[in-house]
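Please read the structure below before turning to the comments.
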Amino acid sequence: MSDETRTMSATTDARDAGLVVGEDGLARPLWASKDLMLREYYDGEWGLPVRDERGLFERLSLEAFQSGLSWATILRKRPAFRLAFADFAPDAVAAFDDGDVERLLGDAGIVRNRAKILATIGNARATVALRDEGGLAELIWSFQPETTPRPRTLDEIPSRSPESVAAAKALRSKGFSFVGPTTVFALMEAVGIVNTHLLGSHRRGTSGVWSAG
């Protein structure tokens with residue numbers, strides 16, 4: 001088999017799995033190949049471990065805002081979100097008052113949804129309160145499963161897991177909202193707690209948390 005034939009075969013296999021081989025020869029899922037912003041996010045951020053309180057609070061907040069919208073929409077608005085929500089510093093957001101809520105509702109740079117804004121402020125207060133019990137990072141990472149999915153195609157990627165159901169329940173018991181099992185599973189994917197990179201993706205096994213297998 002010639003090198004050209006091997007390349008064509010590999011490209012066909014990747015396409016069948018829902019992957020796109022870029023001009024750099026690296027395979028990525030279709031959603032991460034649509035534009036440069038999503039590609040850079042996939043290559044340099046998505047699925048890498050986040051273990052600090054501020055980072056996890058930001059990711060949890062953005063996943064909640066993403067509900068019903070595309071992730072690309074949220075990612076494009078992330079700089080505005082960071083500016084509007086004091087860089088997602090939990091203490092600062094926890095101190096937001098009614099005036100801040102009105103300010104946020106008038107900010108065209110973010111998603112102006114009152115319920116989600118109030119949930120973010122409430123979740124900041126819950127994050128601060130959780131420090132007495134070990135903190136947000138300890139709680140969320142305590143739900144890391146013993147094994148992770150091994151999806152070969154996009155259809156094999158789950159949208160929730162027993163661990164995300166349990167984590168959502170635990171978060172709600174601590175005063176968090178907009179933390180359903182699907183939202184929490186998306187958070188777990190984004191911060192490396194589970195690995196749902198397709199087996200053929202160049203990012204599979206690069207997080208330092210899970211192997212490529």
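The values are calculated or read from the model by the stated rules, or taken from the named source; none is laboratory data. Remember, predicted model here, so these are calculated numbers, not experimental data. Glycine also receives a Cβ, built like all others from the backbone with ideal geometry; neighbour counts cover every protein chain displayed. Side chains are part of the model used for accessible areas, which takes the heavy atoms of the whole protein and leaves out ligands, DNA and RNA. Shrake-Rupley method; radii C 1.70, N 1.55, O 1.52, S 1.80 Å.
Rounded to the nearest 0.05, what FRET efficiency do E156 and E102 give with R0 = 41 Å and r taken as the Cβ-Cβ distance? Could you check? Before the final figure, lay out each step's value.
Working: r = 45 Å, r/R0 = 1.09.
Computed FRET efficiency for E156 and E102: 0.35.
If N is the number of residues in the chain, what value comes out of its Cα radius of gyration divided by 2.2 N^0.38 Å? Each step should come with its number before you reach the end.
Values: Rg = 18.7 Å, N = 213, 2.2 N^0.38 = 16.9 Å.
After normalising by residue count via 2.2 N^0.38 Å, the value is 1.11.
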*Of all the accessible heavy-atom surface of region 102-161, with the other protein chains kept in place and a 1.4 Å probe, what percent is carbon and sulfur?*
47 percent
_Distance cut-off 14 Å, percentage of C-alpha pairs in region 133-213 lying past it_ = 61 percent
*Among L36, L62, L187, which one shows the biggest mean-square fluctuation in a GNM of the chain, springs joining Cα atoms closer than 10 Å?*
L36
*asked:* Run the reach check for K116 against lysines, Cα to Cα strictly under 26 Å, same-chain hits fewer than 8 apart removed. What comes back?
replied: K77, K169, K174
*Once both axes come from the Cα atoms, what is the angle between helix 181-190 and the longest principal axis of the chain, in degrees from 0 to 90, rounded to 10?*
60 degrees
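Multiplying the sequence separation of L83 and E138 by 0.36 nm and subtracting their Cα-Cα distance, what value in nm do you get?
17.1 nm
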_Cβ charges +1 (Lys, Arg) and -1 (Asp, Glu), total dipole of the chain, debye_ = 400 debye
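Could you compute how fast region 79-180 diffuses translationally, taking Rh as the Kirkwood radius over C-alpha pairs and applying Stokes-Einstein at 4 °C with viscosity 1.567 mPa s? Give it in µm² per second.
Approximately 84 µm²/s, per Stokes-Einstein.
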*For the chain, what is the mean residue ellipticity at 222 nm derived from helices alone (per DSSP H run of n ≥ 4: -39500 (n - 2.57); sum divided by total residues; nearest 500 deg cm²/dmol)?*
-15500 deg cm²/dmol
*For the Cα atoms of the chain, what angle does the longest principal axis make with the long axis of helix 114-130, in degrees from 0 to 90, nearest 10?*
80 degrees
*Would you work out the charge dipole size for region 22-107 about its Cα centre, treating the Cβ of every Lys and Arg as +1 and the Cβ of every Asp and Glu as -1, and quote it to the nearest 20 debye?*
340 debye
